[in-house]
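Working notes, structure below.
The values are calculated or read from the model by the stated rules, or taken from the named source; none is laboratory data. Note that the structure is predicted; figures quoted are calculated from it, not measured. For neighbour counting, all protein chains shown are included, and Cβ atoms are generated from backbone atoms with ideal geometry for every residue, glycine included. Just so you know, the surface numbers come from the protein's heavy atoms only, side chains and all, with ligands and any DNA or RNA stripped out. Shrake-Rupley method; radii C 1.70, N 1.55, O 1.52, S 1.80 Å.
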Amino acid sequence: SVPMTPTSVQGITIEDCDSLTDIDVAANVSYLTGAVTLRDNELLADLSGLGKATQVYGDLTIEANPSLTGFDGIDAMTTIQGNLTISENPGLTSMDGFTALTKVTQGVTITNNTSLPTTNAQTFADGLDVGGTTTISGNQD
C-alpha cells in the first residue's frame, strides 16, 4: 500500500500530549481547513511540521506549551482566515518564524507569555493586516 500524504487537512487539535516534541505528522500539509489548536503540550518545542502550511482557514491557537521558545519553521504561512491566539507559553521569547504572515482576518491575541518581550509582540502585530481587535498584554515588560 502507498502511504497517504495529504496536502490539506480538516482541522488539527493536539492537546495534553506530554511527550510530544514536534508535529512532523503535518509536514506535507499546505492548507489547514478548520481550527488548529496546539494546547498543553509539555515538551512541544518544534513547530516546523507546519512549515509547508501557507494558509489556515480557521483559528490558530497556540496555548500553554512551556517548551516552545519561538516559531522557527512556520515561514510559509501567509494568511490566517480567523483568529490568532498565542497565550500562556512561558518559554516563548520571540515571534520570529512567522516571517511570511501578513494577514489575520479576525483578531490577534498575544497574552501572558512571560518570557516574550511586549515590544516583540507589538512589532509583530503591527506588521499584520488584522481584521479585528489586537490584544497584547501580560507579556514580559
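Select from segment 102-117 the residues that are open to solvent by less than 60 Å² (accessible area, probe 1.4 Å) and closer than 18 Å to Pro66 by Cα and list them in ascending order.
Correct list: Thr109, Ile110, Thr111, Asn113, Ser115, Leu116, Pro117.
Quick one: which of Gly34, Gly11 is open to solvent by 20 Å² or more (accessible area, probe 1.4 Å), touching a residue at least 12 places away in the same chain (Cβ under 8 Å) and in a strand (DSSP E or B)?
On inspection, the qualifying residue turns out to be Gly11.
Go through segment 37-53 and give me each residue that's modelled with pLDDT of 90 or more and either assigned to a loop (DSSP other than H, G, I, E, B) or open to solvent by less than 40 Å² (accessible area, probe 1.4 Å) (or both).
Within segment 37-53, Thr37, Leu38, Asp40, Asn41, Glu42, Leu43, Leu44, Ala45, Leu47 meet the criteria.
For segment 54-82, how many residues meet the condition of being out of contact with any Phe, Trp or Tyr (no Cβ under 9 Å at 6 or more places or on another chain), among the aliphatic types (A, V, I, L, M) and either open to solvent by 10 Å² or more (accessible area, probe 1.4 Å) or modelled with pLDDT under 95 (or both)?
Number of matching residues: 2.
With the requirement that a residue be open to solvent by 40 Å² or more (accessible area, probe 1.4 Å) and either assigned to a strand (DSSP E or B) or over 20 Å from Asn65 (Cβ atoms) (or both), what does segment 118-131 give you?
Thr119, Gln122, Thr123, Asp126, Gly127, Asp129, Gly131
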